[in-house]
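All remarks here apply to the structure that follows.
The values are calculated or read from the model by the stated rules, or taken from the named source; none is laboratory data. Computed from a prediction, not measured in an experiment: that's the story for all the values here. Positions of Cβ are generated from backbone atoms using ideal geometry, with glycine treated the same way; all protein chains shown enter the neighbour counts. Quick note on the areas: whole protein, heavy atoms, side chains included, nothing else; ligands and nucleic acids left out. Shrake-Rupley method; radii C 1.70, N 1.55, O 1.52, S 1.80 Å.
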Amino acid sequence: MKCIADIKVLRELLKQWRIAGESIAFVPTMGNLHAGHLQLVNTAKAQADRVVVSIFVNPTQFGVGEDFSLYPRTEHADQEKLQDVGVDVVFMPSVEEVYPVNELTKVSVSQVSENHCGAARPGHFDGVATVVCKLFNIVQPDKAFFGEKDFQQLTVINAMVADLNLPVDIVSVPTVRELDGLAMSSRNSYLTVEQREQAPQLYQSLCAAKALIRDKKIAYVDIEKQQTKFLAEQGFRPDYFSICRRYDLKTAEQGDTEIVILVAAKIGKTRLIDNIQVDIEN
Ligand code: AMP
């Protein structure tokens, strides 16, 4: 496995692979790798000749007062994990390599970026779309792999790729969970022992809402209120609990068939997000 920090060096290697007719898969990450990230890598390996993983904690997707400087950086352990699963290249650029000048261009995806996490974290999805667009232009992969764990992010990336005719196939990978249901996340390491015991209730609230939606007896807005109240009673500070249409993340109505329930809530200082998909037969 090669560790490359320099865009020119990476491009030279990628060029050789392309000349040899090899397909290239790309998995962008912010590091502090866990089994969720490795599931993306393994899915990528099965679908391409070469796999590039990036590790880059992108400053432009963090707001003022968010955890950019505290975000867990575990580069050595990450490299070992990627080596073990047989990644070809880990691309670990510096902030200056990715943003060498004060850039005048950004990628902004309207509508699907605006509600849910977009409302709570202004500018976050502009930062995500811009860095992913830049990374796509650097790597020029055939396929790129994203987790359903960050469902709104996936929706934003899909819209960007479609709208800008980017020549890359986006592959989504289901959320990997701990045994008690908690979605794996680098931010889980911020939780105290007590908070870690509480945290699976986020997924439990999603499962309860899914069952209620399938039951078809309670209006969606009441399910949202009920689960928000449940989370608050368990000591969370819920940010949103939203039953949405999968394709545009707008409020779902009775009769919609492809639904995603999105939740974000804080425990102490840690903000956790999760989601669950529901298919309804009318
Ligand atoms: P991050 O390092 O948090 O930016 O995540 C990098 C990629 O891994 C994103 O596409 C995430 O959606 C994905 N990811 C993070 N956690 C999980 C998980 N528990 N299951 C599946 N994919 C995940």
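Assess whether residue 230 counts as being under 30 Å from residue 28 (Cβ atoms) and either free of Cβ contacts under 8 Å to residues at least 60 places away in the same chain or surrounded by fewer than 19 Cβ atoms within 10 Å (Cβ to Cβ) (or both). Spelling it out, it is not the case that residue 230 is under 30 Å from residue 28 (Cβ atoms) and either free of Cβ contacts under 8 Å to residues at least 60 places away in the same chain or surrounded by fewer than 19 Cβ atoms within 10 Å (Cβ to Cβ) (or both). The listed residues are 199, 209, 252, 183, and the only one of them that is within 30 Å of residue 109 (Cβ to Cβ) and touching a Cys at 6+ places or on another chain (Cβ under 6 Å) turns out to be 252.
Suppose we filter 2, 15 for residues that are free of Cβ contacts under 8 Å to residues at least 40 places away in the same chain and farther than 21 Å from residue 147 by Cβ; which single one remains?
15 is the lone residue from the list that is free of Cβ contacts under 8 Å to residues at least 40 places away in the same chain and farther than 21 Å from residue 147 by Cβ.
Here is a yes/no grid of residues against (1) assigned to a loop (DSSP other than H, G, I, E, B); (2) open to solvent by 40 Å² or more (accessible area, probe 1.4 Å); (3) in contact with a Lys or Arg (Cβ under 6 Å, 6 or more places away or on another chain):
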residue	(1), (2), (3)
11	no, yes, no
16	no, yes, no
41	no, no, no
44	no, no, no
57	yes, no, no
83	no, yes, no
87	yes, no, no
104	yes, yes, no
108	yes, yes, no
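When region 138-153 is filtered for residues that are over 13 Å from residue 169 (Cβ atoms) and near the ligand (Cβ under 9 Å from one of its atoms), the ones remaining, listed by number, are 147, 148, 149, 150, 151, 153.
Does residue 40 satisfy the criteria of being assigned by TED's automatic domain parsing to the domain that holds residue 146 and in contact with a strand residue (DSSP E or B) (Cβ under 6 Å, 6 or more places away or on another chain)?
yes
Among the conditions (1) open to solvent by 40 Å² or more (accessible area, probe 1.4 Å); (2) closer than 26 Å to residue 69 by Cα; (3) in contact (Cβ under 8 Å) with a residue 12 or more places away in the chain, residue 267 misses just one, which is (1). Among the residues of region 188-197 satisfying the criterion of being surrounded by fewer than 17 Cβ atoms within 10 Å (Cβ to Cβ) and polar (S, T, N, Q), which is nearest to residue 226 (Cα to Cα)? Out of the qualifying residues, it is 192. Between 213, 218, the distinction of being open to solvent by 30 Å² or more (accessible area, probe 1.4 Å), outside the structural domain of residue 108 (by TED's automatic domain parsing) and on the phi < 0 side of the Ramachandran plot belongs to 218 only.
Results for (1) under 18 Å from residue 270 (Cβ atoms); (2) part of a helix (DSSP H, G or I), shown as yes or no for each residue.
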position	(1), (2)
152	no, yes
162	no, yes
166	no, no
171	no, no
179	no, no
194	yes, yes
207	no, yes
212	no, yes
235	yes, no
